[in-house]
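Have a look at the structure below, then the notes.
The values are calculated or read from the model by the stated rules, or taken from the named source; none is laboratory data. All values derive from a computational prediction rather than experimental measurement. Note that each Cβ is placed from the backbone with ideal geometry, even for glycine, and that neighbours are counted across all protein chains shown.
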Amino acid sequence: MSETATAASPKLLLTITEACERLSLSERTVYALVSAGKLQAVRVRTTNSRRGALRFTPEDLQDFVARLRTERRQAAAARLRRVL
């Protein structure tokens, strides 16, 4: 595979740092979201980590943001129904 093709292709898995940057969240918050089951992650075994390092697919990050939007819309609609 050429260097151009490699540079142009998107990463399949993102590190915790990259996920935090894309979501504008702290590592602590991302770990808490994963622990609560609200954000999907993949554990990848590494030589310097016994439990494995967390990795995220770009699609999982997009799904998380989409769920947040849906939840907020539903909450706003519920508040509106209570007022009416």
Note to self: As an exercise: evaluate Thr4 against (1) surrounded by 12 or more Cβ atoms within 10 Å (Cβ to Cβ); (2) in a helix (DSSP H, G or I); (3) modelled with pLDDT under 95; (4) not aliphatic (A, V, I, L, M) and give the number of the one condition it does not meet.
What the structure shows: (1)
Next item on the list: Collect the residues in the range 23-58 that are part of a helix (DSSP H, G or I) and surrounded by 10 or more Cβ atoms within 10 Å (Cβ to Cβ), keeping them in residue-number order.
Entry: Leu23, Glu27, Thr29, Val30, Tyr31, Ala32, Leu33, Val34, Ser35, Pro58
